[in-house]
Every structure is written in structure tokens, then in C-alpha cells.
Amino acid sequence: MTGIWRFLVLLLLCQPAARADSLVCCDFSQSYQVELNAQSATGEASLREHAIVWHPIKKKYYLLADVIPLHSEHHPNTYNTEIHLFSSPNLKDWTYHGVAIPKGTMSGSHDQFGVASSVAATFHNGIIYCPYSARRTSHFTQRSIGLAYSNTDPEQLPWHKTANPISDLPGEDDDAALVSDESDNHLHLYHRTASSRGYQIVHCESSHPLKEDSWSKAIVVTTRPEGVRAQELTGVALLNGEYHLFVIEHFYQGGAKVAHLVSRNPGGPFQAFEKHQRYLKRSEQPPNIIYSGHITPVVKEGKLKAFFWTVSQTGKRYGLLGHPVLMPGK
């Protein structure tokens, strides 16, 4: 099949009946890969949850990712781990910079036993803000959402952190994502919380993000359909005034699928992006995704450029695979 015919076939596959175009529609003939093999500065390691943010001054994408050494007793899980920084001008060629968000060093700190699971970071007023799941205990419980922020030069490491969490609900908080809305000068935080009501997705906001007490109380913004026992947040993007959430939904019967939800109000309610199609199709994602399909939308100057996934690599190691969208800017 020639290149033009392949493009036309893929374009047709990305046209669902309920909407003019599908958001998740990639050119699988082009790939971006991030891996940490034995020759890497970190040594052989896996990459799990990740956030990719465009820096308009540095003209680079910055990747913030969980890094789990293969020799870790907790591999493949992100326990007692830290968040590392990479950069790229084009999503293809990546430079490793080091640990951007280290775990806490003070006994009793909210992130003493690890930082992890940033779903989305955001550029705002000249710096990058990155939320994370903070693990307070040696059993990795009492999790809350911490906030890290860069210097004007993001490559000056480590980054700063607020002294206390910006969201700390009863139960366990994880899968943190930030988006900035220039129209209201607010940062919007989404994260998963686990409580007696199960796993749910919540939202809060602040116009003064470094003041921990300025954040509104987090409230639930998604509903679980019948048959879904739990929801985990895996991707967030703000595009053309719409807030997009990618949510892993675990079923009582069977496995899990990624739901694509949208709302014009950052506080919801969130509904399926496609009226008759709540979940991403298998054909819209790579075949070797793991951990229920972690997916990260990549946005540059308000336009969608690519998607990245967590995928199997060599042996027990896993890392990141990306593909550009077929119709950038949609």
C-alpha cells in the first residue's frame, strides 16, 4: 500500500458517525520511543506514568516520568520512586536531565516514601507546574497530591515543592493532572481518589497555586456507569475550550477500557466524547500497551500533536511509545 493510500485509509478509520472527527487518530507509521536501557544514565529502568508539556520559551517538550529501576524490589510498581526530567525539540530525540521531583527527606513529610503518577503538567506564568502522588508511609499509604514547580529554566534541578499537599482527601489520592486555563487564570487539578465509595475522579482549582490553602475542595466530576467498579485518571487535555479526560474504567466482569470524557466546564459534569462510543477502540492504540492502557495526550500551543502510551519493551522492562496525530491541531 502506498503512503497516500495508507493515509487515506487511516483518515477514513478516524471518522466516527457521531462527530466530525475522532480525537485519538494517530499515524502509526511514525513512532517516538523513550527507553532506559543498560547504557542509560539511570541504568536499566522502566518508565510508567508520565506527563509531557510544551515550553514556549525554551521551544522544547519536557517529559516528567516515573522511573523504576529494574533492580528495585518494588518493580514494576512506583513505590519509593522519584520523577525524572527529559526534554526534546521534536518528541523523537530525548535528552535526560535527572531527578526533577525528589521524594521528601524530612521524617514524617507527606512525600517521604516516594513521588509518582503525574498524569499532566502545565506551563503557567513562565514556569512548569507538576502535581504528583505523595506517599507518606512505608506502606505507601495516606497518599495526597503534592505540587512541584520549575525554575524559569526547567533544567535547573531539582524543582521546588510546596511544603504541604494541595489536595488531601480521606483515602488514597493518585493520578494527578494539572491544566491551566488562560481565560480564567486558574489552574485546574484532577486526580483519582480511593475511598469507601471506590475509585473516583475529582476536581479542584486555584488562581494562586503555590498557596496550599487556596485550592478549592475537590469534588467528584465523573460518574461510574453500571458495571464499572473503579476509575483511574490517565490523561487530561484542554483543547478549544473543552476539557478532555481519559479514564481507565475497570469492570466488575472482565478487564478494563479507556473512556474518553469531555466537558466545557472544568468542574464537569463529564460526558462521553462520542455519544455512542464511550471507550477508545483497540485500533486507535498500539498493540503492546500495558497497565490497562496509560495514555498521554501531547498539546503544543493549544493544538494536539501526539499521544504517548506505556508499553512493554525488552524483558520485564517497559517504557514509552508515541505516535503523531494524523490531523494535528484538531
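When each of Leu70, Leu63, Leu85 is tested for being at pLDDT 95 or above, within 22 Å of Val298 (Cβ to Cβ) and in contact with a Ser or Thr (Cβ under 8 Å, 6 or more places away or on another chain), the lone residue that passes is Leu63. Take Ile57 and decide whether it is of a type in the set (Val, Ile, Thr), over 26 Å from Gly114 (Cβ atoms) and modelled with pLDDT of 95 or more. In short, yes. Taking the conditions (1) farther than 15 Å from Glu35 by Cα; (2) open to solvent by less than 10 Å² (accessible area, probe 1.4 Å); (3) assigned to a loop (DSSP other than H, G, I, E, B) in turn, Glu73 satisfies each one other than (2). For segment 145-201, filtered to residues that are under 23 Å from Val99 (Cβ atoms) and of a type in the set (Phe, Trp, Tyr), the residue that is least open to solvent (accessible area, probe 1.4 Å) is Trp159. Residue count for segment 180-197 satisfying the condition of being hydrophobic (A, V, I, L, M, F, W, C) and in contact with a His (Cβ under 8 Å, 6 or more places away or on another chain): 2.
Which pairs do you get when a residue that is farther than 19 Å from Pro89 by Cβ and in a strand (DSSP E or B), found in segment 21-38, comes within reach of a residue that is open to solvent by less than 50 Å² (accessible area, probe 1.4 Å) and of a type in the set (Val, Ile, Thr), reach meaning Cβ atoms under 8 angstrom, with the pair 6+ apart or on two chains? Every condition considered, the pairs that remain are Cys26/Val325; Leu36/Thr42; Leu36/Val67. Just so you know, in segment 79-92 the residues that are touching a strand residue (DSSP E or B) at 6+ places or on another chain (Cβ under 9 Å) and farther than 15 Å from Val53 by Cα include one that is least open to solvent (accessible area, probe 1.4 Å), and it is Thr81.
Being of a type in the set (Ser, Thr, Tyr) and assigned to a strand (DSSP E or B) is the requirement here; does Tyr79 meet it? Considered against the rule, which asks whether it is of a type in the set (Ser, Thr, Tyr) and assigned to a strand (DSSP E or B), Tyr79 comes out as no.
Among the residues of segment 203-230, those that are touching a Ser or Thr at 6+ places or on another chain (Cβ under 6 Å) and of a type outside the set (A, V, I, L, M, F, W, C) comprise Glu205, Ser206, His208, Glu212, Ser214. Total residues in segment 270-294 satisfying the condition of being surrounded by 15 or more Cβ atoms within 10 Å (Cβ to Cβ), touching a residue at least 40 places away in the same chain (Cβ under 8 Å) and not acidic (Asp, Glu): the figure is 11. Of all residues in segment 8-27, at least one satisfies being open to solvent by less than 60 Å² (accessible area, probe 1.4 Å), at pLDDT below 95 and polar (S, T, N, Q). Taking every residue in segment 150-178 that is under 19 Å from His110 (Cα atoms) and at pLDDT below 95 and pairing it with any residue that is open to solvent by 40 Å² or more (accessible area, probe 1.4 Å) and part of a loop (DSSP other than H, G, I, E, B), at least 6 positions away or on another chain, the pairs with Cβ-Cβ distances below 9 Å are Pro170/Ser196; Gly171/Ser196; Gly171/Arg197.
To keep it simple, each residue is scored yes or no on (1) aliphatic (A, V, I, L, M); (2) buried (at least 18 other Cβ atoms within 10 Å of the Cβ); (3) not in a strand (DSSP E or B).
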site: Glu226; (1), (2), (3): no, no, yes
site: Gly235; (1), (2), (3): no, yes, no
site: Val262; (1), (2), (3): yes, no, no
site: Gly268; (1), (2), (3): no, yes, yes
site: Thr296; (1), (2), (3): no, yes, no
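Can you find even one residue in segment 107-118 that is among the aliphatic types (A, V, I, L, M), under 28 Å from Ala194 (Cα atoms) and open to solvent by 10 Å² or more (accessible area, probe 1.4 Å)? The answer is no, given that none of the residues of segment 107-118 is among the aliphatic types (A, V, I, L, M), under 28 Å from Ala194 (Cα atoms) and open to solvent by 10 Å² or more (accessible area, probe 1.4 Å). Name, by its number, the condition in (1) of a type in the set (S, T, N, Q); (2) under 18 Å from Ile83 (Cα atoms); (3) open to solvent by 50 Å² or more (accessible area, probe 1.4 Å) that does not hold for Gln142. Condition (2) is where Gln142 drops out.
The values are calculated or read from the model by the stated rules, or taken from the named source; none is laboratory data. Given the structure is predicted, the values throughout are model-derived calculations rather than measurements. Reconstructed Cβ throughout: ideal geometry from the backbone, glycine too, with neighbour counts over all protein chains shown. Ligands, DNA and RNA are stripped out before the accessible areas are found, and what is left, the full protein with its side chains, is counted by its heavy atoms. Shrake-Rupley method; radii C 1.70, N 1.55, O 1.52, S 1.80 Å.
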